[in-house]
Structure formats: structure tokens, C-alpha cells
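Nothing in this text is a laboratory measurement; each read-out follows from the coordinates by a stated rule. On a predicted model such as this, the values are computed, not experimentally measured, just so you know. Methodologically, a virtual Cβ is constructed for each residue, glycine included, from the backbone with ideal geometry; neighbour enumeration extends over all protein chains shown.
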Amino acid sequence: MELRAYLGRRLGRRARGEGEPPLDIEVDDAVGRLPTGAGEYRRRDPGTIRAAVIHHSAAAGDLPVEALAAYHVQRRCWPGIGYHYYLTADGTIHRCNRLEAVSWHCGSENPRSVGICLAGDFTDPGARPTDSQLASARGLIAALEGALDRRLEVWGHKELAPTACPGAGWPDVRRYSQRGWRRYVA
Ligand SMILES: [Zn+2]
């Protein structure tokens, strides 16, 4: 890239604050107020994001985002909360990490994905997110697709890694089928 164009891009990013396209959806912006730990997550160009990975918190649906962040930082010794977005049972969307942060939520898939955690424990068959949470998840993914100007793959964590997350209610479908997400929110 030509130097001037490069510098212009850098300056433009700085002027906008954080090099991230704004989301067309209401969120509680928790970035900056959540506890952080030692080190920093690696950075990426948000344009390289291809997928959203859905998780559950395996904890209470109304657990405050600050408490989850403190657990990741203090108990797991991570640089910050592992997810990019945390959706409580009332449907509130908490923004937890910038999209450029390669935060830790899905192992080798981290560099290309956004981590979206639905608060609650859906381990048992029949345990489901609230309608508000699912509506917020749908809206958030649509807003991310608009901001990133691309369709995203949407996976349940267990479709990509050996885990029970996001719970038994997430259909067991083959990787790369994309049917799980559509059935889950139907
Ligand atoms: Zn998970």
C-alpha cells in the first residue's frame, strides 16, 4: 500500500476511535470498564472475521458481565474476558472486547471468529436461552454482518471443539452444515 494511503487509513482509524465499524444495534458498551489481567489479546483486522461462535456461560442467566470478566481474569489468568459479546437473560447485549481483539473462546478458531456468550446453563436437554436472548443474538449477528459487510458462519462451540457448550439443546449436526444455528433459533 502506498505510504500516504496507509497513513491516511491509520489516521482515519484513530479519528474514529478504535478502528471498528459501528453496530446498528443497541449495546451496553462494557469495553474499558471490565477488569483486565496481565498481557493483551493479539490484534487482527476485523475484516478477517468469518464466523460467530455461540457459547453458554454455564452460570446464572443474570450473572453480571463484570463477574464473568473477573472470573476469566482472576481465576483463569486471561488478559480479559474471553467473549466479544455477552447476552444476559433479559436480552441485554454487553460489548466486552473490540472486534480486533483475538480473545480466547474457541481455541484455533479464535483468529477468524467472534465469541458470543449467552448467559445461562443450557447443559441439560430442554434448558434454553430466553426468547429475548435469542432475539438479541439474531439482531447482533445481523448487525455484525452489516458492519463487516459479509455473511458470517454461525457455529455452536461444540461443533468446532470437544465441549458440551452451548448445551444439549444445540442440535448435534455435522460441522460446516450451518443447520444447527437455524434450528436453534427457530
Ligand atoms: Zn463455549
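For the range 20-185, take the alpha-carbon Rg, divide it by the Kirkwood Rh, and send me Rg/Rh.
0.92
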Convex hull over the alpha-carbon atoms of the range 52-112: what's its volume per residue in Å³?
86
Relative contact order of the range 78-186, please, whole-number percent, based on alpha carbon pairs below 8 angstrom and at least 6 residues apart.
24
Distance in Å, no decimals, from the C-alpha centre of the range 119-175 to the one of the range 51-65 is 10
DSSP loop chymotrypsin sites (Phe, Trp or Tyr not before Pro) in the range 87-186 with at most 11 other Cβ atoms within 10 Å of their Cβ, which ones?
Y176
Count the net charge of all other residues whose Cβ sits under 13 Å from the Cβ of H94, scoring Lys and Arg as +1 and Asp and Glu as -1.
-4
Sorted from fewest to most neighbouring beta carbons within 10 Å, what does the list I141, I81, I54, I25 look like?
I25, I141, I54, I81
